[in-house]
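The values are calculated or read from the model by the stated rules, or taken from the named source; none is laboratory data. All figures in this text were calculated on a predicted structure; none of them were measured in a lab. Positions of Cβ are generated from backbone atoms using ideal geometry, with glycine treated the same way; all protein chains shown enter the neighbour counts. Keep in mind that these areas ignore ligands, DNA and RNA; they rest on the heavy atoms of the full protein, side chains included. Shrake-Rupley method; radii C 1.70, N 1.55, O 1.52, S 1.80 Å.
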Amino acid sequence: MSILIYTENWDGKFKKLSYELVSYAAAIAKEMGSKVIALSIGDISDEELSKLGDYGANKILTVKDERFTSLDNRAIANAVSAAAKIEDAKIVIFANSNLGKAIAPRVSVKLEAGLVTGVIALPISIDPFVVQKKVFTGKAIANVQIDTEVKIITFSQNSYEVVEVENNATIEAFDPSVVDGDFSTTVTETNKVTGKVLLTDAEIVISGGRGMKSGDNWGGLEQLADMLSAGLACSRPVSDEGWRPHGEHVGQTGKIIAPNLYFAFGISGAIQHLGGVSSSKVIVAVNKDAEAPIFESADYGIIGDVNKVIPQFIEGIKEL
Amino acid sequence: MKILVLISNVPDTTTKIRFTGDNTSFDDAGVQWIINPWDELALTRAMELKEAGGIEKITVANVGEKATEPTLRKALAVGADDAIRIDAPAKDAFYVASQLAEIAVGYDLILAGIEASDYNGNAVGGMLAEILDYNSVSAVSGINIEGDKFIVNREIDGGSQVLNITGPLVAIVQKGIAKEPRIPAMRGIMMARKKPLNVANPIEANERTQFVNFELPPPKAACKMIDEENAKEIIKLLHEEAKVL
Ligand SMILES: Cc1cc2nc3c(=O)[nH]c(=O)nc-3n(C[C@H](O)[C@H](O)[C@H](O)COP(=O)(O)OP(=O)(O)OC[C@H]3O[C@@H](n4cnc5c(N)ncnc54)[C@H](O)[C@@H]3O)c2cc1C
């Protein structure tokens with residue numbers, strides 16, 4: 001019996017998210033008395049792979065097969081299912097990322113497993129298996145029971161502290177026996193965001209709304225982001241207006257993020273915006289309107305003009 | 001080529017969320033229902049593809065009880081040619097996908113929203129693809145048709161890709177797939193009344209998950225306000241008090 005986790009990598013390196021998943025799985029495994037198996041697909045060095053062991057993985061299955069770089073959903077689902085069967089996995093855990101959300105539903109059908117996406121904490125109970133997730137775009141939390149023998153979840157980023165442990169993991173090459181016919185995706189172009197902090201990975205996020213008045217006024221926010229190694233985000237009208245790229249749009253219809261610290265400059269705090277950022281640990285709001293709903297969700301606030309506040313923030317950070 | 005657009009019937013995004021029966025079910029009293037925002041964008045893109053030529057028909061489908069019909073009528077008013085309602089409550093993602101698999105065969109392109117804004121499931125599209133053994137692409141932000149191939153833009157974690165893939169295809173779509181959702185015009189609303197809305201009986205299928213109960217998030221502590229002139233003070237508080245800087 002085991003818990004299988006699917007770990008994503010980025011240019012051959014694991015993201016913090018992968019370590020969160022391993023730590024999370026290790027905590028459940030301890031309670032169940034089972035092992036943690038990590039599956040990694042991609043060209044990753046043994047040294048990098050062994051890092052998964054530092055967070056509690058007992059065994060690491062590595063698949064180095066070029067064909068998977070196309071991220072073909074069916075092929076990856078077949079590989080994960082094959083690993084789950086061989087390892088007798090009773091729980092399969094994915095990140096609640098673009099890739100995790102694409103693959104988990106397919107695997108759940110293959111393994112006849114119940115699936116809950118966007119889980120935010122350790123299970124409430126193991127038997128029956130009950131997990132928590134946000135529903136109604138963050139406006140409520142649901143306790144959901146999975147009734148099948150095999151259980152699958154996708155786990156939300158930044159929901160579990162990484163914990164290093166004394167542990168030695170074994171690394172094994174794994175052949176998922178996929179055939180060429182399983183691959184039908186041909187990638188013709190890939191654009192990676194480089195040199196910038198990925199929004200979904202960022203511990204600190206600097207976000208601007210319509211109150212910034214124009215895309216030309218983003219210099220101060222960019223400077224703040226640079227100084228704090230923060231990601232940049234914006235409200236929907238800002239990306240709709242073309243002031244900022246669509247990838248920066250957060251909210252119900254954009255990206256959902258959960259950084260430690262979220263700065264909202266000139267953002268009113270509409271319910272659809274909050275849906276994407278309300279899991280942030282600390283929210284700072286700057287808005288000239290004292291009645292702006294953002295202040296109901298913020299921890300620290302300034303009723304004032306962004307143009308006066310941003311330079312003071314920059315100065316304050318220099319003095320830290 | 002035929003397109004099927006999956007439609008989820010969800011509470012308006014500004015709905016105040018309440019629960020009844022000892023927090024075991026969503027209180028739908030007085031709730032306004034809408035087409036799930038991503039499904040609305042999917043339908044809009046389907047219409048654009050049809051207007052560009054080569055699409056025989058757009059069908060919209062929903063698993064739900066009679067109360068969901070106004071939402072399907074709205075989808076017909078936006079421009080779908082016909083609608084199918086599978087007459088059963090949407091018990092869980094696998095149950096819904098199993099029902100949809102019964103009616104989805106014969107369509108070349110199936111569009112599903114990346115999630116439903118009520119229970120935020122992200123699962124029906126992928127499950128449907130696996131049940132039918134179709135190709136699937138998720139986080140799709142653009143789709144075009146070239147001969148018998150689909151040219152798909154998809155978001156990956158930290159970037160985007162363009163890919164070619166053959167049908168039948170389940171495309172799980174998100175923001176970017178269409179610019180603005182289409183709003184039904186008067187003429188569309190009139191025409192929708194005459195378009196077929198077929199009701200199908202559900203098949204036997206198991207549900208695999210169940211909601212035990214719901215909680216509202218704990219109320220947030222009051223926001224600490226700082227004067228504009230002392231803005232720097234916040235940086236200090238973030239450093240010393242909140243310890244996030
Ligand atoms: C189905 C649906 C989905 C949606 N999804 C999203 C989503 O994912 N993300 C999203 O963000 N929105 C979304 N929206 C839109 C949302 O309802 C709001 O319209 C949007 O969030 C408002 O953006 P904003 O706060 O930047 O602009 P506004 O609401 O216009 O607010 C601008 C704020 O800036 C303040 N301001 C102006 N000048 C200054 C200044 N000089 N200094 C300080 N403050 C100033 C104003 O007081 C105001 O509060 C969605 C809407 C719908 C219907």
Any idea what the relative contact order of chain A is, in percent, if you count C-alpha pairs under 8 Å spaced at least 6 apart?
-> 14 percent
Give me the accessible area per residue for the stretch A:1-156, probe 1.4 Å, as a whole number in Å².
-> 31 Å²
Given a 1.4 Å probe, the accessible area of the stretch B:2-217 per residue, as a whole number of Å², is 41 Å²
Relative contact order in percent for the stretch A:2-182 (Cα pairs under 8 Å, 6+ apart) equals 28 percent
Expressed as a whole number of Å, what is the distance separating the alpha-carbon centroids of the stretch A:56-132 and the stretch B:186-218?
-> 28 Å
Accessible area of the stretch A:139-256 belonging to carbon and sulfur atoms, whole % at 1.4 Å probe | 45 percent
Along the charge dipole of the stretch A:204-319, which of A:Asn217, A:Ile302, A:Ala230 sits closest to the positive end, that is, farthest toward it, with unit charges on the beta carbon of Lys, Arg, Asp and Glu (+1, +1, -1, -1)?
-> A:Ala230
Peptide A:116-124, shielding by other chains (average Cβ, 10 Å cutoff) | 2
Taking chain A and counting helices only, DSSP H stretches of n ≥ 4 at -39,500 (n - 2.57) each over all residues, the nearest-500 ellipticity at 222 nm comes to -8000 deg cm²/dmol
So what is the calculated 222 nm ellipticity per residue for chain B, using -39500 (n - 2.57) for each DSSP H run with n of 4 or more, over all residues, to the nearest 500 deg cm²/dmol?
-> -7500 deg cm²/dmol
Alpha carbon Rg of the stretch B:1-123, scaled by the compact-globule rule 2.2 N^0.38 Å | 1.07
Of A:171-178, B:138-145, B:215-222, ordering from highest average Cβ density within 10 Å down gives B:138-145, A:171-178, B:215-222
May I ask what percent, to the nearest 5, of DSSP beta bridges between residues of the protein assembly as shown are antiparallel?
-> 35 percent
Once you charge only the Cβ atoms, +1 for Lys and Arg and -1 for Asp and Glu, what is the size of the charge dipole of the protein assembly as shown about its Cα centre, to the nearest 20 debye?
-> 1260 debye
For the stretch A:274-320, the accessible surface attributable to carbon and sulfur atoms (probe 1.4 angstrom, ligands and nucleic acids excluded) amounts in percent to 50 percent
Is there a simple number for the mean count of other chain Cβ atoms within 10 Å of the Cβ of residues in A:247-253, and what is it?
-> 4
Accessible surface of the stretch B:1-120 [probe 1.4 Å, protein heavy atoms]: carbon and sulfur percent | 46 percent
Where both residues lie in the stretch A:15-164, what percent of DSSP beta bridges are antiparallel, nearest 5?
-> 40 percent
Nearest 10, in degrees from 0 to 90: the angle of helix A:73-86 to the longest Cα principal axis of chain A is 50 degrees
Shielding by partners - mean other protein chain Cβ count within 10 Å, residues of B:124-130 = 6
Pairwise burial A:B, computed as accessible area of each alone minus the pair, summed, 1.4 Å, Å² | 7000 Å²
